[in-house]
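One structure is given below, encoded as structure tokens.
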Amino acid sequence: MERSESLRNVTGTAIGIRPNGWRALDQLGVAETLRHTAIRVKRERIMSLDGGRQKQISLTPWDGETRCLKRKDLIDTLYAALPPDTVKFGCQLESIKSDPYSTKPVLWFIDGSSIIAKFVIGCDGGKSIIADYLNLKPTQMFPLCGVRGLTNYPNGHSFDHEFARLQKDNILVGRIPINDNLVYWFCSRPYIPKDEKNWEDPKVIRQSTLDLVRDYPQEVHEMIENTDMNSLSFTRLRYRAPWQLLTGTFYKGTVVVAGDAMHVMGPFLGQGGSAGLEDAVVLARTMAQLGLSNGKGGSKLTVHGVEEAFDRFVKQRRMRVVRLSLQTYLIGMLLSTTSFLKKIMYIMLLILLFHNKNSHLDYDCGDL
């Protein structure tokens, strides 16, 4: 069930998919189609505009593939792979309650209608109504915000096939080509509460971002100046605390959360989208193992089977998302603090806990 009246292809920008995410897309059977929509990123390049330092990290075929997918391409491809009429549009959830007579979940919608569901998988984002039903603690905010956009170069751009990050003071600009004409970019900066209302207008978002990067190279100015205004967004970066992921109740009866509703995290590892795809594979596998059938007989999964499947799913995913969220949290706090002592502390923790900082890319969620 989707709250919008149609596929939300106007809003949104892009989603970086790391090697572990491509393993999941392969299992879902849509990877080859999506590979034709985005170029492969060959390296990462990190540049400090304060001191002129530069670092390059080559992404060889042995490292697995990284591509940046346009959100529309990902949504369209996943939707096209579903049987007709699988998605019900215009279903905006208002609340979820337990039916006192059957203990089954009851979904209430803003139009006043309701349904009694056999089971519910809540993938309703960082402000999840399903997560509230499970009594998960509210997500928390990084002291950072982000601007995202897409810029089209009709005659082609001159950027290398790389993930470039340029940093000066507390402002970070990232740039990833999607193809030879389209570029995804983002800008992260410290959050200032009084500015938030001023950033609702795309024109204000663009001009404010240009003001922030006035000392950046001209190519950055041109990229932001020529961005597609419909793609611009301003977001306060939020996360579910790693220690809450250790103890949180992610399912109750026949209700479970997945994706950002379960483990919303900062974008600092580029793993939000890939982690959600892993969830899809693991959850589908556990349900299939316990009797879910998509044949003519319909669903054969009993209430007990649903609960067992959800329990297995949470057990298999918990420590994976804890590690991802902890690494992301430490990087986010490192980028946002101005305290030298805190920076040293976060760096030491990252070295101690994640001596191989790219180990998160090696994860394989397994067969579907």
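The values are calculated or read from the model by the stated rules, or taken from the named source; none is laboratory data. All values derive from a computational prediction rather than experimental measurement. Note that each Cβ is placed from the backbone with ideal geometry, even for glycine, and that neighbours are counted across all protein chains shown. What goes into the accessible areas is simple: the full protein's heavy atoms, side chains included, and nothing from ligands, DNA or RNA. Shrake-Rupley method; radii C 1.70, N 1.55, O 1.52, S 1.80 Å.
Quick notes on this structure:
- The single condition among (1) at pLDDT below 95; (2) crowded, with 17+ Cβ neighbours inside 10 Å; (3) assigned to a helix (DSSP H, G or I) that Leu301 does not satisfy is (3).
- Once the range 246-279 is narrowed to residues that are among the polar types (S, T, N, Q) and under 20 Å from the mean Cα position of the chain (by Cα), the residue that is farthest from Leu334 (Cα to Cα) is Ser274.
- Looking only at residues in the range 83-113 that are among the aromatic types (Phe, Trp, Tyr) and either at pLDDT 90 or above or under 30 Å from Thr235 (Cα atoms) (or both), the one that is least open to solvent (accessible area, probe 1.4 Å) is Phe109.
- Residue in the range 316-323 that is more than 30 Å from Lys118 (Cα to Cα) and of a type outside the set (S, T, N, Q) present: yes
- Those residues of the range 310-368 which are closer than 30 Å to Gly253 by Cα, open to solvent by 40 Å² or more (accessible area, probe 1.4 Å) and either among the hydroxyl-bearing types (Ser, Thr, Tyr) or free of Cβ contacts under 8 Å to residues at least 24 places away in the same chain (or both), in sequence order: Lys315, Met319, Tyr363
- For the range 225-258, a tally of residues being of a type in the set (A, V, I, L, M), out of contact with any Cys (no Cβ under 8 Å at 6 or more places or on another chain), surrounded by 16 or more Cβ atoms within 10 Å (Cβ to Cβ) and within 30 Å of Lys70 (Cβ to Cβ) returns 3.
- Test: residue in the range 37-45 that is in a strand (DSSP E or B), at negative phi and open to solvent by less than 20 Å² (accessible area, probe 1.4 Å): no
- Residue ID - nearest to Ser339 (Cα to Cα), chosen from residues in the range 152-188 that are crowded, with 20+ Cβ neighbours inside 10 Å and of a type in the set (Val, Ile, Thr): Val173
- Residue in the range 128-139 that is in a strand (DSSP E or B) and either open to solvent by 30 Å² or more (accessible area, probe 1.4 Å) or without any contact (Cβ under 8 Å) to a residue 60 or more places away in the chain (or both) present: no
- Looking only at residues in the range 114-127 that are of a type outside the set (Lys, Arg) and part of a loop (DSSP other than H, G, I, E, B), the one that is most open to solvent (accessible area, probe 1.4 Å) is Cys123.
- Filter result for Gly276 (open to solvent by less than 30 Å² (accessible area, probe 1.4 Å), touching a His at 6+ places or on another chain (Cβ under 9 Å), at pLDDT 95 or above and within 23 Å of Val30 (Cα to Cα)): yes
- The one condition in (1) in contact with a strand residue (DSSP E or B) (Cβ under 7 Å, 6 or more places away or on another chain); (2) closer than 29 Å to Arg53 by Cβ that Asn181 fails to fulfil: (2)
- Taking first residues from the range 70-93 that are touching a residue at least 40 places away in the same chain (Cβ under 8 Å) and of a type outside the set (A, V, I, L, M, F, W, C) and partners that are open to solvent by 70 Å² or more (accessible area, probe 1.4 Å) and outside any helix (DSSP H, G or I), the Cβ contacts under 7 Å between residues at least 6 apart in sequence or on separate chains come to Lys88/Met1; Gly90/Glu5; Gln92/Arg3; Gln92/Ile110.
- Matching entry among Gln56, Gln27 (being of a type in the set (S, T, N, Q), open to solvent by less than 80 Å² (accessible area, probe 1.4 Å) and farther than 30 Å from Asn135 by Cα): Gln27
- Residue check, Glu222 at pLDDT below 90, charged (D, E, K, R), closer than 28 Å to Leu49 by Cα and open to solvent by 60 Å² or more (accessible area, probe 1.4 Å): no
- Pairing residues of the range 28-42 that are small (Gly, Ala, Ser) with residues that are open to solvent by 40 Å² or more (accessible area, probe 1.4 Å), at Cβ distances under 6 Å and at least 6 apart in sequence or on separate chains, gives no pairs at all.
- Filtering the range 140-151 to residues that are touching a Leu at 6+ places or on another chain (Cβ under 8 Å), open to solvent by less than 60 Å² (accessible area, probe 1.4 Å) and not polar (S, T, N, Q) leaves Phe142, Leu144, Cys145, Gly146, Val147, Arg148, Gly149, Leu150.
- Those residues of the range 230-258 which are closer than 16 Å to Ser128 by Cα and among the hydrophobic types (A, V, I, L, M, F, W, C), in sequence order: Leu237, Ala241, Leu245, Phe250, Val255, Val256, Val257, Ala258
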